[in-house]
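The values are calculated or read from the model by the stated rules, or taken from the named source; none is laboratory data. In this text the structure is predicted, and so the values were computed from the model without any measurement. A quick note on method: Cβ atoms are made from the backbone with ideal geometry, for glycine too, and the neighbour counts reach across all protein chains shown. What goes into the accessible areas is simple: the full protein's heavy atoms, side chains included, and nothing from ligands, DNA or RNA. Shrake-Rupley method; radii C 1.70, N 1.55, O 1.52, S 1.80 Å.
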Amino acid sequence: MSWHSLSKHYAGVVAGMLSALLTAGLLKIGAWQALERASHTQLFRLRGPAEWSSEVAGIGIDEASLETLGLFPWPRARYTELLTQIMPAAPSVIAFDIVFAEPSADDEALAAVMQAQGRVVLAQGWDGKGQLVTANNTLKEAALTYGHIQHTEDADGLTRQIQPYIKGDPAFSVAISQVYALTHAPLTKIPRYAETAWINWPAPTQQIPHYSYSDVLSGEIPQQQ
């Protein structure tokens, strides 16, 4: 091997070592994750926002609802009223991002309406000690399924990844998609044993149609909305 060839060979080795050391350093200080997050954000900026499905809507417990219906937490009867009000619209899925852990005297009535609707998804999660916090048995048995709401926000406040399954239980969004797929074409395919999944946000969540809880209860929102 000539001196020139030998020099090129060792130059390649040194470059590879430096690259490996740089990568290891980035991983150690967390810069690699920052680069991933920046790339993820830039891809969305280049793509531009897309429209959310017209079938997606949020019903929020906003200030107007708190003034009208009282301070939170509310009695379970409020949720029975909500389900009764929106059932004529025949929603494909109704998902409560609330953990109904404590039993209530109103649970039987709420469970009956949940069973009548037939496609209710409830939330669950784990507390700081790793203990599962889920809906009480009456409501959990009445729900079609449930999903975990564990997630981690990045430093900028955005959630870019979720764990599709934890201890065999699907994420809240995955459970909602599974119920939706019972009557419609599947929205997406998520690997059953994926540790994490990047979220493909169509657009900022503020662009999802949102309605005030109290307005829905009072019938101010037309059913076709």
Review point. Sorted by average packing, counted as other Cβ atoms within 10 angstrom per residue and highest first, what order do 195-206, 70-81, 133-144 take?
Key: 133-144, 70-81, 195-206
Check your understanding: For segment 42-182, what is the accessible area per residue in Å² when the probe is 1.4 Å?
Key -> 56
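Give me the extension gain from ALA101 to GLN206: residue separation times 0.36 nm, minus the current Cα-Cα distance, reported in nm with one decimal. Don't skip to the answer; put the middle values down first.
On the way: separation 105, 0.36 × 105 = 37.80 nm, distance 2.84 nm.
Residue separation times 0.36 nm, minus the Cα-Cα distance, leaves 35.0 nm.
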Exercise for review: Give me the distance in nm between label points sitting 7 Å out from Cα along the Cα-to-Cβ direction at THR188 and GLN150, one decimal.
Suggested key: 1.9
Review point. If you project the alpha carbons of segment 96-160 onto their three principal axes, what span does each projection cover, largest first, in Å?
Key: 42, 25, 15
**Study point:** For segment 90-225, diffusion coefficient by Stokes-Einstein and Kirkwood Rh (Cα), 20 °C, 1.002 mPa s, µm²/s
**Key:** 129
Practice item. Enter the Cα centre distance for the pair segment 50-98 and segment 157-220, rounded to the nearest angstrom. Key: 16
Point to revise | Spacing of the two label points (7 Å from each Cα toward its C-beta) at GLU55 and THR138, in nm | key: 3.2
